[in-house]
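Undergrad: Shown below is the structure under consideration.
Throughout, read-outs are computed from the coordinates displayed, never taken from laboratory work. Because the structure is a prediction, the values reported are computed rather than measured. Here the Cβ positions follow ideal geometry from the backbone for every residue, glycine too, while neighbour counts run over all protein chains shown.
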Amino acid sequence: MPPIRTHRRPRVALLVQTASHWSREVLFGVGSYAREQGGWEFFSQPRGFHESLELPPDLEIDGVVCRLTSPALYESLIKRAVPCVNVSWLGWEHTDIARVCSDELGCARLAADFYCGKDYRSIGYIGPPSSLAYSSHLREVLFARAKELESAIPLSSYPPYDTDDFAAEKAKVSAWLSTLPPPTALVVWNTYIGRVAIEAANDEGLVVPDDVAILAIEHDNLLSSLSPLPISYIDQLPHEVGYRAGQQLHRLMLGEAANLPTIHVPPLAVYEQLSTNTQFAQDEVVRSAMQIIEQAYAEPINIGHVATNLGVSRRTLEYRFKRTLKRSPAEQLRRVRLKKVQQLLGATDLSVEQIAYHTGFSHPAAMIRSFKRELGMTPTQYRRRA
């Protein structure tokens, strides 16, 4: 493949669906890298998760970032002989196309490590529809790691299904959940499935997270906010996936490399929300306050606003937080805001001033003081490490 001409900006096709939070963060990461190189010209079209991705035959391009979702797309890319990087867990068998993706097996091990040792009596897994043709690697490693840590714990996988509308499975999920010894630690493919699982558990009279805890592998912030409870998730660092994919594609377009090894970006951490934290579930007022804090942390709210919204006094709210979580509601609000600051520092190129605005701090200096007090370093120092 001849290197691209240097008198114009590279033209890159982005064959990645735009409907999910994960996909948009990947595209944001590609764009971040491209801006650092002076900018690329992008071909991108809005696409839903189940819509096909195609490379227009008359499109003049220098490279492609894609989710390799079908044999037809693979054949068209090979025919065009254009530099390409795949960012999906799909297409792993096509070693002739460079690949940068989140570490699927690392996510499985992290989920097992998060749940094991917490006195759950069973572990369940709900994967993607069989029509998407993902491998079973994640489930296999999840269960293997769980058995390694707790050899006697029962494991159960929800039966294969082929509908794209998982809500149609809700009654079957309710019946399946009722067969698992509670409390159950449930790992689900994404936030949408997690939301349906919460509703299915409620229909069966099971309480989330006391009877069924739910952890999503792939996060969508919108769908989590629309769920009966915010859903815990694994941060796969999709922005980093996109950024590294941009780097690899650039190398290919410059002719610096031909056969690049697959890059697996390790997951950052489990971000715990109400769907797994049984401490919150012990007190309804605390649980409701946590939902308000999670949903409105970016607004200029204070604990007085939260107490008023719940119809309790500030003193009552303070007491119930101290009794349940051993910390004040103000400390919890600060924790949530600082966790979001860490996410934005590691996954975006927003300035410190912009991050302060997006996380509800009254002034960047207030954010910097809180950050340094809690983490022992400045936001800039944390960003360098991240």
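Undergrad: By how many degrees, 0 to 90 and rounded to 10, does the Cα axis of helix 191-203 deviate from the longest principal axis of the chain?
TA: 30 degrees
Undergrad: Kindly state, to the nearest 0.05, the FRET efficiency for residue 135 paired with residue 50, given R0 = 22 Å and r defined as their beta-carbon distance.
TA: Working from the Cβ atoms, E equals 0.70.
Undergrad: In whole Å and largest first, what semi-axes does the C-alpha gyration tensor of the chain yield when each eigenvalue is scaled by 5 and square-rooted?
TA: 38, 28, 17
Undergrad: Something else: For region 102-151, what log10 I(q)/I(0) values come out of the Debye formula at q = 0.13, 0.19, 0.23, 0.32 1/Å, with one point per alpha carbon and no solvent?
TA: Scattering profile of region 102-151, log10 relative to I(0): -0.31, -0.62, -0.84, -1.29.
Undergrad: Something else: Taking all pairs of different Cα atoms in region 27-166, averaging 1/r and flipping that mean, what Kirkwood radius in angstroms comes out?
TA: Hydrodynamic radius (Kirkwood, Cα only) of region 27-166 equals 17.8 Å.
Undergrad: Let me ask something else. Sticking with the crude label model, points 7 Å out along Cα→Cβ, report the distance from residue 335 to residue 147 in nm, one decimal please.
TA: According to this spin-label approximation, the distance is 3.6 nm.
Undergrad: Using the scaling law 2.2 N^0.38 Å as the reference, what is the normalised Cα Rg of region 174-282?
TA: 1.40
Undergrad: In addition: Across region 119-131, in residue order, what do the Karplus-derived ³J(HN,Hα) couplings come to in whole Hz, using 6.51 cos²θ - 1.76 cosθ + 1.60 with θ = phi - 60° and x for Gly and Pro?
TA: Here the 3J(HN,Hα) series is 6, 6, 9, 7, 10, x, 9, 10, x, x, x, 4, 5 Hz.
Undergrad: In a solvent-free Debye calculation with one equal scatterer on each Cα, what is log10 I(q)/I(0) for region 51-113 at q = 0.17 Å⁻¹, listed in the order of the q values?
TA: -0.60
Undergrad: What's the longest uninterrupted piece of the chain once you rule out the trypsin sites (Lys or Arg not before Pro) that are loop residues per DSSP with at most 11 other Cβ within 10 Å?
TA: The segment 9-325 is the longest one with no such site.
Undergrad: Positive end of the dipole of the chain, charges at C-beta (+1 Lys, Arg; -1 Asp, Glu), about the Cα centre: which of 68, 368, 141 has its Cα farthest in that direction?
TA: Farthest along the dipole direction, towards plus: 368.
Undergrad: Find the lysine pairs in the chain meeting two conditions, Cα atoms under 29 Å apart and a separation of 8 or more places or different chains, and report how many there are.
TA: 17
Undergrad: Taking 0.36 nm per residue of sequence separation and subtracting the Cα-Cα distance, how much length would be gained by fully extending the chain between residue 28 and residue 80, in nm to one decimal?
TA: Gain on stretching residue 28 to residue 80: 16.2 nm.
Undergrad: Hey, got the dipole for region 262-386? About the Cα centre, +1 on K and R Cβ, -1 on D and E Cβ, debye to the nearest 20?
TA: Using Cβ point charges on Lys, Arg, Asp and Glu, region 262-386 gives about 500 debye.
Undergrad: Which residue fluctuates the most in the chain, going by a Gaussian network model with Cα springs under 10 Å, if the choices are 308, 184, 163?
TA: 308
Undergrad: Further question: In region 104-236, if every C-alpha pair distance is counted and binned at 5 Å from zero, what percent goes to each bin?
TA: Going out from 0 Å in 5 Å bins, region 104-236 shows 2, 11, 23, 25, 23, 13, 3, 0 percent.
Undergrad: Something else about it: I'd like to know which of 219, 114, 175 lies farthest towards the positive end of the charge dipole of region 104-236, counting +1 on Cβ of Lys and Arg and -1 on Cβ of Asp and Glu.
TA: Value computed over the given set: 114.
Undergrad: Tell me which of 274, 313, 285 sits at the most positive position along the dipole axis of region 233-386, charges placed on C-beta atoms (Lys, Arg +1; Asp, Glu -1).
TA: Sorting the options by dipole projection puts first 313.
Undergrad: Once R0 is set to 41 Å, what does the formula 1/(1 + (r/R0)^6) return for the Cβ-Cβ distance between residue 35 and residue 372, expressed as a FRET efficiency to the nearest 0.05?
TA: It comes to 0.90.
Undergrad: Related question: Loop-only GluC sites (Glu not before Pro) in region 93-196, please: DSSP not H, G, I, E or B, and at most 13 other Cβ atoms within 10 Å.
TA: Here the sparse-neighbourhood loop sites are 93.
Undergrad: Sort 232, 370 by Cβ crowding within 10 Å, fewest neighbours at the top.
TA: With the fewest neighbours first, 232, 370 line up as 370, 232.
Undergrad: Would you look at the GNM of the chain, springs on alpha carbons closer than 10 Å, and say which of 177, 226, 249 moves the most?
TA: Per the Cα network of the chain with a 10 Å cutoff, 226 tops the list.
Undergrad: Another question about this same structure. Looking at the P(r) of region 303-386, how many percent of alpha-carbon pairs lie beyond 22 Å?
TA: Of the Cα pairs, 34 percent sit more than 22 Å apart.
Undergrad: Can you give the angle from 0 to 90° between the axis of helix 21-36 and the longest principal axis of the chain, with both taken from C-alpha atoms, to the nearest 10?
TA: It is inclined by approximately 50 degrees.
Undergrad: Tell me what the chain gives for mean residue ellipticity at 222 nm when only DSSP H runs of n ≥ 4 count, each as -39,500 (n - 2.57), the sum divided by the residue total, rounded to 500 deg cm²/dmol.
TA: -13500 deg cm²/dmol
Undergrad: At 7 Å along Cα-to-Cβ for each site, give me the label-to-label distance between residue 119 and residue 309 in nm.
TA: 3.1 nm
Undergrad: Helix 238-253 against the longest principal axis of the chain: what's the angle in degrees, Cα atoms only, rounded to the nearest 10?
TA: On a 0 to 90 degree scale, this one is about 10.
Undergrad: Which value, in debye to the nearest 20, describes the size of the charge dipole of the chain about its Cα centre when Lys and Arg Cβ atoms bear +1, Asp and Glu Cβ atoms bear -1, and nothing else is charged?
TA: So the magnitude is around 1620 debye.
Undergrad: Report the relative contact order of region 271-368, percent, no decimals, based on alpha-carbon pairs under 8 angstrom and at least 6 residues apart.
TA: Relative CO of region 271-368 lands at 27 percent.
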